[in-house]
Amino acid sequence: MVKCYSDAAYDTMEHSMDFNKALILGIESSCDDTAASILEINSKGSKIKSSIVHNQFNLHKEYGGVVPEIAARAHAELIDVVVEKSLKEANVVMGDISAIGVTAGPGLIGGVLSGLMFAKGLSVSTNKPLIGVNHLAGHALTPRLTNKVSFPYLVLLVSGGHCQFLIVHNYNRYERLGGTIDDAPGEAFDKAARLLGLQQPGGPAVEEAAKTGDAERFNFPRPLLNQEGCDFSFSGLKTALMRKRNELIENQDGLFEKDVCDLSASFQQAMHDVIVEKSIRAIDLYAKITNTNPTFSIAGGVAANKKIRHSLKNICKSKKLEFLAPPLELCTDNAAIIAYAAAERFLHGDYDDTTLSARPRWPLDNQKPAILGSGKRGSKA
Ligand code: KG4
Ligand code: ZN
């Protein structure tokens with residue numbers, strides 16, 4: 001697979017490096033995807049020459065969540081295979097690689113360590129520069145890889161492990177406008193699906209069931225909507241769903257298919273309303289802070305939700321803002337976005353060395369106190 005994207009990194013850098021092209025190997029292992037990618041950057045643009053993602057879904061499914069020890073072991077067992085595959089698919093060898101970009105956090109520490117130790121060994125043995133990437137920066141910079149967006153812009157990260165609004169001022173400067181104080185939205189969708197006996201991952205299953213459901217039958221809470229700001233809270237919503245489900249089971253001796261669909265639709269509607277309202281606030285806040293209107297981009301698995309995506313697109317249209325939704329394979333976890341974030345640093349000659357350490361928590365915005373979203377990666381940024 002060869003995909004051509006923008007040359008944002010290349011042509012907005014004051015790089016003094018003399019090269020026709022650079023090949024970055026990206027490695028990702030911070031949660032339940034073992035991934036490697038080869039990204040080419042040249043004067044014309046960025047090309048994803050390969051992107052291999054090995055999901056561990058089957059290993060964790062019987063436990064109802066990602067088990068850190070199992071994840072770390074599986075990453076350690078597969079990381080070399082996945083890297084080799086990415087080189088082979090891109091038709092290159094290690095000698096062609098200009099730098100190694102690896103997720104150094106935030107995430108499940110065992111998984112992050114598996115990728116990082118492998119990348120360090122590879123860097124030392126091949127004498128290639130090592131670049132430790134913040135996983136969240138990988139997501140936040142994706143609109144530059146796909147759409148050549150100039151700094152600054154606004155990103156909403158919504159996945160099973162993340163939830164935050166960020167002003168992306170530069171490749172190394174981020175300002176968090178808000179985030180979740182408990183569950184991540186994808187995590188809430190996954191828990192809802194579990195309560196309703198639907199498949200994992202829960203987001204797509206709840207969305208499917210919601211199609212034929214009545215979104216007005218249950219009036220679930222819209223947490224933090226009556227409070228100022230752009231923070232989220234999703235755990236109360238999940239509890240409200242559980243109560244309603246239990247009530248129905250008690251009253252009628254079980255859940256009918258119609259109940260599952262109506263509960264799904266009502267739950268999705270509440271998630272939607274909160275995310276949409278908070279996005280409107282984040283756009284306004286961005287305008288106040290920067291005196292400009294943002295390009296607004298979403299990233300993360302929940303960005304796949306058609307109802308949410310559609311409404312965010314419409315809001316941007318009505319406000320005459322550019323709205324970007326990267327292709328799904330770049331919204332969910334992968335190593336191409338890690339390679340791209342490394343490329344931005346590579347072009348600035350901004351490298352790490354073997355003292356680079358793995359960080360379970362690593363907020364992108366150092367100026368703000370950390371918030372404690374749990375997410376399927378455990379408590380982190
Ligand atoms: O970004 P991602 O692949 O992994 C991380 O969590 O980092 O996101 C996966 C999450 C899961 O929680 C999944 O349920 C959710 O994204 N998701 C969705 C949809 N598709 C995936 N949530 C709502 N609606 C969807 N269509
Ligand atoms: Zn992610």
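Please state the relative contact order of the chain as a whole percent: Cα pairs under 8 Å, 6+ residues apart?
Relative contact order, the chain: 24 percent.
Name the lysines eligible as straight-distance cross-link partners of residue 128: C-alpha to C-alpha under 26 Å, and not fewer than 8 places from it in the same chain.
3, 21, 44, 47, 49, 85, 88, 120
If you take every DSSP beta bridge fully contained in the range 153-324, what fraction is antiparallel? Give it as a percent rounded to 5.
Bridges in the range 153-324 that DSSP calls antiparallel: roughly 65 percent.
Of the options 310, 174, 196, report the single residue whose Cα projects farthest towards the positive end of the charge dipole of the range 153-324 (beta-carbon charges: Lys, Arg +1; Asp, Glu -1).
174
Under a point-charge model restricted to the Cβ atoms of Lys and Arg (+1) and Asp and Glu (-1), what is the dipole moment magnitude of the chain relative to its Cα centre, in debye to the nearest 20?
Working: 42 positive and 43 negative charges, 125 e Å.
Roughly 600 debye for the chain.
When you count, for each residue, the other Cβ atoms within 10 Å and take the mean per peptide, how do 125-131, 235-241 rank with the highest first?
235-241, 125-131
Positive end of the charge dipole of the chain (Lys, Arg +1 and Asp, Glu -1 on Cβ, about the Cα centre): tell me which of 276, 65, 330 has its Cα farthest that way.
276
In whole percent, and with a 1.4 Å probe on the protein chains, what portion of the accessible area of the range 14-119 is carbon and sulfur?
Within the range 14-119, the accessible surface is 51 percent carbon and sulfur.
Quick check: the distance between the Cα centres of the range 47-95 and the range 134-157, to the nearest angstrom?
Comparing the Cα centres of the range 47-95 and the range 134-157, I get a distance of 23 Å.
What whole-number value in Å² describes the accessible area per residue of the range 51-101 for a 1.4 Å probe?
Details: 2920 Å² over 51 residues.
Averaged over the residues of the range 51-101, the accessible area is 57 Å².
Roughly speaking, to the nearest percent, how much of the range 153-324's 1.4 Å accessible area is carbon and sulfur?
47 percent
Under 13 Å between C-alpha atoms is the cut-off here; go through the range 153-324 and count lysine pairs that meet it, provided they're at least eight residues apart or on different chains.
Number of lysine pairs found: 4.
Kindly report the accessible area of the range 153-324 per residue (heavy atoms of protein chains, probe 1.4 Å, no ligands, DNA or RNA), in Å².
Details: 7470 Å² over 172 residues.
Per-residue accessible area for the range 153-324 comes out at 43 Å².
For the chain, which DSSP H helices look membrane-span-like by this rule: Cα extent along the axis of 24 Å or more and mean Kyte-Doolittle of at least 1.0? Provide the component values of the computation, followed by the final result.
Details: long enough: 68-90 (31 Å, 0.12); 109-126 (25 Å, 1.23); 235-252 (26 Å, -0.92); 257-290 (49 Å, 0.02).
Length and hydropathy pass: 109-126.
I want the antiparallel fraction of DSSP beta bridges within the chain, as a percent rounded to 5.
Numbers: 32 of 48 bridges.
Of those bridges, close to 65 percent are antiparallel.
Determine the equivalent ellipsoid of the range 153-324 by diagonalising the alpha-carbon gyration tensor, then write out the semi-axes as square roots of 5 times the eigenvalues, largest first, rounded to whole Å.
Here the semi-axes work out to 31, 15, 14 Å.
What translational diffusion coefficient, to the nearest whole µm²/s, does the chain have by Stokes-Einstein, given a Kirkwood radius computed over alpha-carbon pairs, a temperature of 10 °C and 1.306 mPa s viscosity?
75 µm²/s
The values are calculated or read from the model by the stated rules, or taken from the named source; none is laboratory data. All figures in this text were calculated on a predicted structure; none of them were measured in a lab. No Cβ is skipped: glycine too gets one built from the backbone with ideal geometry, and neighbour counts run over all protein chains shown. With ligands, DNA and RNA removed, areas are computed over all heavy atoms of the protein, side chains included. Shrake-Rupley method; radii C 1.70, N 1.55, O 1.52, S 1.80 Å.
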